[in-house]
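Report on the structure given below.
The values are calculated or read from the model by the stated rules, or taken from the named source; none is laboratory data. Here the structure is a predicted model, which means the values were calculated and not measured. Because the Cβ atoms are built from the backbone with ideal geometry, glycine has one as well, and the counts that use them run over all protein chains shown.
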Amino acid sequence: MLRIAVPNKGSLSGPAGEMLHEAGYQQRRESKELRIVDPVNEVEFFYLRPRDIAIYVSSGKLDIGITGRDLLVDSGAHAEEILPLGFARSTFRFAGKPGAATGIDDLKGRTVATSYEGIVAAHLADRGVDASVVHLDGAVETAIELGVAEVIADVVETGTSLRNAGLEVFGEPIMKSEAVVIRRSDAEPDETTEPKVQQFLRRLQGVLVARTYVMMDYDCRVEQLEKAVALTPGLESPTVSPLHNEGWVAVRAMVPAKEAQRIMDDLYEIGARAILTTAIHACRL
Ligand SMILES: Nc1ncnc2c1ncn2[C@@H]1O[C@H](COP(=O)(O)OP(=O)(O)OP(=O)(O)O)[C@@H](O)[C@H]1O
Ligand SMILES: O=P(O)(O)OC[C@H]1O[C@H](OP(=O)(O)OP(=O)(O)O)[C@H](O)[C@@H]1O
Ligand SMILES: [Mg+2]
């Protein structure tokens, strides 16, 4: 049975559960459940604090886990990222009152408050900046107003929390994060676990593809086929089938969802008709 760590709370928890559900795995029915077994898929899910997941996975007691890249790096645990998942995207940045600092060199001798002490201390050390780091559990934006620190380093998504606290980012982004699947760094692939891990990754990749692509179908004249195929090259190559009316073909290809409307306009321009897009619910590439 594959043992997988899933975030039990916070920004990662909801989207991780949804992705696993879309990938066909049973998920817990209520938020207080700490572990469940999915007997059909032979997987056991452990619902753990996102911050602890890399530590469990590095211990080797759990095979893989879902966490944030920033949390993985911050933990310093002996685990590595094996698949980015595209949700809980954020940037990790320094911020302060307007004009408080313009770059990392201004932090010398000052105090930085953060929930990600590992990332901040390593970043400062890398750049040879001698500053103090104060660890806070959350709501770090308030630390400046209350005089605990002059500068903070925190997760920024929309920037609303910083704006509400009258703070501005400064310096280069420290890191970009998103949800990731992790496993122990020196995991020795064994014959029973490895195929299950690969199957799990293929299922999640299938969800990612189904979220990013749509299926496009259209009819076009044979003379326009090369131009049409250039607009919809598909992953390998599009499917082209004859139509009952001679001189016409039906074409089917996957296209990026974000570009679907533009591609439909371009296909129409070159004479394609009956252009349809449909959602993809699951996929194995
Ligand atoms: N507003 C946000 N938008 C996107 N990702 C976020 C946001 N806040 C936190 N994250 C990401 O979520 C992970 C942190 O999860 P964690 O559950 O510890 O914090 P949280 O979402 O702030 O929840 P809580 O503070 O309730 O514990 C990190 O990978 C972080 O980058
Ligand atoms: O740029 P934004 O869209 O405002 O998002 C970033 C904020 O979201 C998270 O806070 P959360 O609400 O989880 O509270 P916390 O600080 O207690 O973790 C994070 O710590 C930032 O404060
Ligand atoms: Mg938080």
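Quick one: how many residues across segment 26-56 are within 12 Å of L2 (Cα to Cα) and buried (at least 20 other Cβ atoms within 10 Å of the Cβ)?
The total comes to 2.
Which pairs do you get when a residue that is at pLDDT 95 or above, found in segment 204-216, comes within reach of a residue that is assigned to a helix (DSSP H, G or I) and among the charged types (D, E, K, R), reach meaning Cβ atoms under 7 angstrom, with the pair 6+ apart or on two chains?
Taking only residues 6 or more apart or on different chains, the pairs are V207/E22.
Residues of segment 223-235 being surrounded by fewer than 16 Cβ atoms within 10 Å (Cβ to Cβ) and assigned to a loop (DSSP other than H, G, I, E, B), which ones?
Once the filter is applied, which keeps residues that are surrounded by fewer than 16 Cβ atoms within 10 Å (Cβ to Cβ) and assigned to a loop (DSSP other than H, G, I, E, B), segment 223-235 yields P233, L235.
Select the strands (runs of 3 or more DSSP E) contained entirely in segment 236-285, then report the ones holding at least 1 residues which are without any contact (Cβ under 8 Å) to a residue 40 or more places away in the chain and surrounded by 15 or more Cβ atoms within 10 Å (Cβ to Cβ). Let's see the steps before the verdict.
Working: elements: 239-242, 248-256, 273-279.
Once the strands (runs of 3 or more DSSP E) in segment 236-285 are filtered for at least 1 residues that are without any contact (Cβ under 8 Å) to a residue 40 or more places away in the chain and surrounded by 15 or more Cβ atoms within 10 Å (Cβ to Cβ), what remains is 239-242, 248-256.
Looking at (1) touching a helix residue (DSSP H, G or I) at 6+ places or on another chain (Cβ under 7 Å); (2) modelled with pLDDT under 95, which is the one condition that is false for M175?
With (1) touching a helix residue (DSSP H, G or I) at 6+ places or on another chain (Cβ under 7 Å); (2) modelled with pLDDT under 95 applied to M175, the lone miss is (2).
Pull up segment 107-141, narrow it to residues that are crowded, with 16+ Cβ neighbours inside 10 Å and without any contact (Cβ under 8 Å) to a residue 24 or more places away in the chain, then point me to the one that is nearest to ligand 1 (Cβ to nearest atom). Lay out the reasoning, then the answer.
Taking segment 107-141 as the starting set, the residues that turn out to be crowded, with 16+ Cβ neighbours inside 10 Å are 107, 110-121, 123-124, 129, 131, 133, 136, 140-141.
Applying the additional criterion that residues be without any contact (Cβ under 8 Å) to a residue 24 or more places away in the chain yields 121, 124, 133, 136.
Values: A121: 18, L124: 19, V133: 18, L136: 11 Å.
This residue is L136.
Which of the residues belonging to segment 142-176 are touching a residue at least 60 places away in the same chain (Cβ under 8 Å) and within 11 Å of ligand 2 (Cβ to nearest atom)? Lay out the reasoning, then the answer.
Of segment 142-176, the ones touching a residue at least 60 places away in the same chain (Cβ under 8 Å) are 153-157, 162, 166-176.
Residues satisfying the conditions are A153, D154, V155, V156, E157, L162, L167, V169.
I'd like to know if segment 92-106 contains one or more residues that are within 16 Å of ligand 1 (Cβ to nearest atom) and of a type in the set (K, R).
Applying the first criterion (within 16 Å of ligand 1 (Cβ to nearest atom)) to segment 92-106 yields 92-95.
Next cut, of a type in the set (K, R) only: 93.
Scanning segment 92-106 turns up at least one residue that is within 16 Å of ligand 1 (Cβ to nearest atom) and of a type in the set (K, R).
Specify which of the listed residues (A95, A16, A100) is closer than 30 Å to G159 by Cα, touching a strand residue (DSSP E or B) at 6+ places or on another chain (Cβ under 8 Å), within 16 Å of ligand 3 (Cβ to nearest atom) and assigned by TED's automatic domain parsing to the domain that holds A121.
On inspection, the qualifying residue turns out to be A95.
Check T102, T67, T91 and return the single one that is part of a strand (DSSP E or B), among the hydroxyl-bearing types (S, T, Y) and surrounded by fewer than 20 Cβ atoms within 10 Å (Cβ to Cβ). Outline the logic, then answer.
Working: T102 fails: part of a strand (DSSP E or B); T67 fails: surrounded by fewer than 20 Cβ atoms within 10 Å (Cβ to Cβ).
The match here is T91.
Any chance you could count how many residues in segment 142-166 are of a type outside the set (D, E, K, R), away from ligand 3 (no atom under 16 Å from the Cβ) and buried (at least 18 other Cβ atoms within 10 Å of the Cβ)?
Step one: of segment 142-166, the residues of a type outside the set (D, E, K, R) are 142-144, 146-149, 151-153, 155-156, 158-162, 164-166.
Narrowing further to those that are away from ligand 3 (no atom under 16 Å from the Cβ): 144, 146-149, 151, 166.
Now drop any that are not buried (at least 18 other Cβ atoms within 10 Å of the Cβ), which leaves 144, 149, 151.
Qualifying residue count, segment 142-166: 3.
Pairs, please: C-beta under 8 Å, at least 6 apart or cross-chain, first residue free of Cβ contacts under 8 Å to residues at least 40 places away in the same chain and more than 14 Å from L12 (Cα to Cα) and in segment 28-53, second basic (K, R) and surrounded by 15 or more Cβ atoms within 10 Å (Cβ to Cβ)?
I36/R28
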